[in-house]
1. I'm checking my understanding of the structure. Among residues of segment 21-46 that are within 22 Å of Gly84 (Cα to Cα) and among the acidic types (Asp, Glu), which one is surrounded by the most Cβ atoms within 10 Å (Cβ to Cβ)?
2. May I ask you to list pairs of residues, at least six apart or on different chains, whose Cβ atoms are under 9 Å apart, with the first in segment 51-75 being outside the structural domain of Gly30 (by TED's automatic domain parsing) and the second being of a type in the set (Val, Ile, Thr) and in a strand (DSSP E or B)?
3. Looking only at segment 1-20, how many residues end up being under 13 Å from Ile57 (Cβ atoms) and either of a type in the set (D, E, K, R) or crowded, with 24+ Cβ neighbours inside 10 Å (or both)?
4. If the requirement is being of a type in the set (Val, Ile, Thr) and either in contact with a Pro (Cβ under 8 Å, 6 or more places away or on another chain) or buried (at least 17 other Cβ atoms within 10 Å of the Cβ) (or both), which of these qualifies: Val65, Val91?
5. So for segment 246-255 (the condition being touching a Gly at 6+ places or on another chain (Cβ under 8 Å) and of a type in the set (Phe, Trp, Tyr)), does at least one residue qualify?
6. Given the conditions (1) part of a strand (DSSP E or B); (2) more than 20 Å from Gly242 (Cβ to Cβ); (3) of a type in the set (Gly, Ala, Ser), and given that Gly77 satisfies all but one, which numbered condition is not satisfied?
7. When residues of segment 116-148 are filtered for being part of a helix (DSSP H, G or I) and hydroxyl-bearing (Ser, Thr, Tyr), how many remain?
Amino acid sequence: MILVDLHLHSTFSDGTLTPHELVRLGRRLGLSVMALTDHDTMEGNEEFLAACASQGIKGIPGVEVSGEAPYTLHILGYRVSPTGPLSDALVWIRQGREERNFKICDRLSDLGCPVDMEEVRAEAGSDLVGRPHIAKVMLRKGYVGDYYEAFHRFLKRGAPAYFPRPRLSPADAVRLIRESGGLPVMAHPMQTQLGWDDLYGLVRDLRSFGLWGVECLHPTAGILDRVELIRVTRELGLVPTGGSDFHGDNKPGISMGVSMEATAIPWARLGISL
């Protein structure tokens, strides 16, 4: 058995550790393989891979693309070319995210909780800003009692300061990852909250667009869920993968690393050898 993690977030999206800090933590925990999968951006991959090389860890560049669906559906992409067609789509997504951030701040002001975008950028430490950074500013300014209250009362879907943002269809996300030389994997399938028949149909449909694998090992999947996910994934000729979805302090209680057989994944397809 080896300890790996193919689903990690850094300060380049909504994580609290830099790529280098993630890798140093991974080394302390004994991870053999790590993949950086920030939301809708590949900008942290260069720093991440350099850190992996310096720490003796096998590193895989990645991204997590948010899919447009009536439920939570994200697609992980591994070894995606930063100059492929997915890159243009990510620019469009990030522009839409920026427009949404301004709308959220304007609405919060209307609700008596003024938040300025410069404050949010300062909180994020970069221009890569999302709702978690807005929530932290709200907490710091005393508008809410804790981070989660900001989402529950103001920022989550259906709350008064929620605005949607541009997303790719799941099929387009899979297709663009493939066209950019990458390998697409369905992230945290249990978060779709679909029944098994519907989930099977969804995975089968995405396979027709080039889906390579399914993230069967994830904190949202219980032991029996994992067994069934692995069965379904292999039955469809896909690869079962795993990751913690680690975000640092933004999602407390989640530990980095999942344990799996060294031969469970065809690592050469991901550009590494063990």
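The values are calculated or read from the model by the stated rules, or taken from the named source; none is laboratory data. On a predicted model such as this, the values are computed, not experimentally measured, just so you know. Glycine also receives a Cβ, built like all others from the backbone with ideal geometry; neighbour counts cover every protein chain displayed.
1. Asp40
2. Between residues of segment 51-75 that are outside the structural domain of Gly30 (by TED's automatic domain parsing) and residues that are of a type in the set (Val, Ile, Thr) and in a strand (DSSP E or B), there is no close pair.
3. Let us first name the residues in segment 1-20 that are under 13 Å from Ile57 (Cβ atoms), namely 2-6, 8, 19-20.
After this cut, where a residue has to be either of a type in the set (D, E, K, R) or crowded, with 24+ Cβ neighbours inside 10 Å (or both) as well, the list is 4-6, 8, 19.
The number of residues fulfilling the criteria is 5.
4. Working: Val91 fails: either in contact with a Pro (Cβ under 8 Å, 6 or more places away or on another chain) or buried (at least 17 other Cβ atoms within 10 Å of the Cβ) (or both).
Residue meeting the stated conditions: Val65.
5. Yes - at least one qualifying residue is present in segment 246-255.
6. Unmet for Gly77, out of (1) part of a strand (DSSP E or B); (2) more than 20 Å from Gly242 (Cβ to Cβ); (3) of a type in the set (Gly, Ala, Ser): (2).
7. Total meeting the criteria: 2.
Here's the yes/no breakdown for (1) modelled with pLDDT of 95 or more; (2) within 22 Å of the chain's Cα centre (by Cα); (3) over 19 Å from Val80 (Cα atoms):
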{"position": "Asp197", "(1), (2), (3)": "yes, no, yes"}
{"position": "Leu202", "(1), (2), (3)": "yes, yes, yes"}
{"position": "Leu206", "(1), (2), (3)": "yes, yes, no"}
{"position": "Phe209", "(1), (2), (3)": "yes, yes, no"}
{"position": "Glu215", "(1), (2), (3)": "yes, yes, no"}
{"position": "Leu224", "(1), (2), (3)": "yes, no, yes"}
{"position": "Thr233", "(1), (2), (3)": "yes, yes, yes"}
